[in-house]
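Chemist: Quick one: the structure is below, questions incoming.
Please treat every number below as a calculation from the coordinates, not as lab data. If you're wondering where the values come from, they're calculated on a predicted model, not measured in any experiment. Note: ideal-geometry Cβ built from the backbone for every residue, glycine included; neighbour counts use all protein chains shown.
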Amino acid sequence: MSQLTRSLPPLALLVLALGCKIEEGTTPPVAPTTSPTPTGTPTATPTATTPPLPTGTATGPTAPQTATPTATTPPLPTGVATGPTAPPAKPDAGAPKADAGGATNTSGKCAADADCPTGQHCALGMPLNGKCWKNGTPEPMCLASDTRIATPKGEVLVRDITPGTEVWTLDKNGAKVAAKVGSVGNIPAPIGHQMVHVVMSDGRGVFASPKHPTCAAAKPGAATVADLARGSAFDRALVSTADRAPYTGTDTYDLLPEGDTGCYWANGVLLGSTLAPR
């Protein structure tokens, strides 16, 4: 066979090869044919579609900038003013109150607690005698603790006088009479309390608070110890000195004899009582 194929021309070899494939049951390849393009509307080639951007979103170099949210300051409550035009603060609760006439009470004098600033009361007893006084602050009772009170049995220290003790006093006619003590009082002395040291021309002398009353029944020219002036007549003598001095004692004392006047002798000086009704 090989000798035969070498002697055959090329075309004969091709025919021989095809015959061998047919014999083996293999279908010879068929050259593809070009299908004619169908007539009518040509089918458009699908184009990739870009999904739409969300509404309001801009792209590219001309896209506007996204606005940055601005923090909003909550509005102030109605009636609150700020800045240089803010109204002044309300007056302090402790400011002086207005008196009955509508004027501001700056004198410190009073007839009732309502006349005084907040935190103060009206001290009606002597020596304050109707003056606004701070709550909780002791009211001075005027006499030093070592003051001696005249009694029918001799002089007794004021701190030892009790209700019922008999002392010398004046009646409404100006006569010296004995009477029982109706009430006494003592109180811690305020820090820095000042006394007046009254010295008479005859040597008598007493320490008393400035507003301690003199004996009105004796009709003195001075209503209080603070009103006494050097050289003035008082209690059958002249005032030699009436100087202020700090009180170093712990308590002050006073008493009120029964009778018409409430007067008594303290270290021999005729005085009134801070406990007497106004």
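Chemist: Go ahead and collect, in residue order, the members of the range 206-237 whose backbone nitrogen is under 20 Å from a label point 7 Å along the Cα-Cβ direction of Ala175.
Modeler: Counting only backbone N, you get 216-219.
Chemist: For the residues His197, His121, what sequence is obtained by ranking on other C-beta atoms within 10 Å, fewest first?
Modeler: Exposure proxy ranking, most exposed first: His197, His121.
Chemist: Moving on to the next point. Among Ile191, Cys215, Trp168, whose Cα projects farthest towards the positive end of the dipole of the range 143-271, with charges put on the beta-carbon of Lys, Arg (+1) and Asp, Glu (-1)?
Modeler: Positive-end residue among those listed: Cys215.
Chemist: Under unit Cβ charges (Lys, Arg +1; Asp, Glu -1), what dipole magnitude, rounded to 20 debye, does the range 143-271 have relative to its Cα centre?
Modeler: Roughly 220 debye for the range 143-271.
Chemist: Restricting things to alpha carbons, find the Rg to Rh ratio for the range 143-271 using the Kirkwood radius for Rh. Intermediate results must be reported in sequence, preceding the final value.
Modeler: Working: Rg = 13.9 Å, Rh = 14.7 Å.
We get a ratio of 0.94 for the range 143-271.
Chemist: Ok, one more. Give the shape of the range 143-205 as rounded, prolate or oblate, defined through the alpha-carbon gyration tensor: a ≥ b ≥ c are the square roots of its eigenvalues, a/c under 1.5 means rounded, and otherwise the shape is prolate if a/b is larger than b/c and oblate if not.
Modeler: Oblate shape, in that a/c is at least 1.5 and b/c is the bigger or equal ratio.
Chemist: Would you calculate the separation in nanometres between label points at Ala233 and Asp251, each defined as 7 Å from the Cα along the Cα-to-beta-carbon direction?
Modeler: 3.9 nm
Chemist: Whole Å is fine, so just give me how far the alpha carbon centre of the range 144-211 lies from that of the range 222-274.
Modeler: That distance is 8 Å.
Chemist: Then there is this: Once you put a point 7 Å from the Cα of Asp243 and another 7 Å from the Cα of Asp202, both along the Cβ direction, what distance in nm separates them?
Modeler: 2.4 nm
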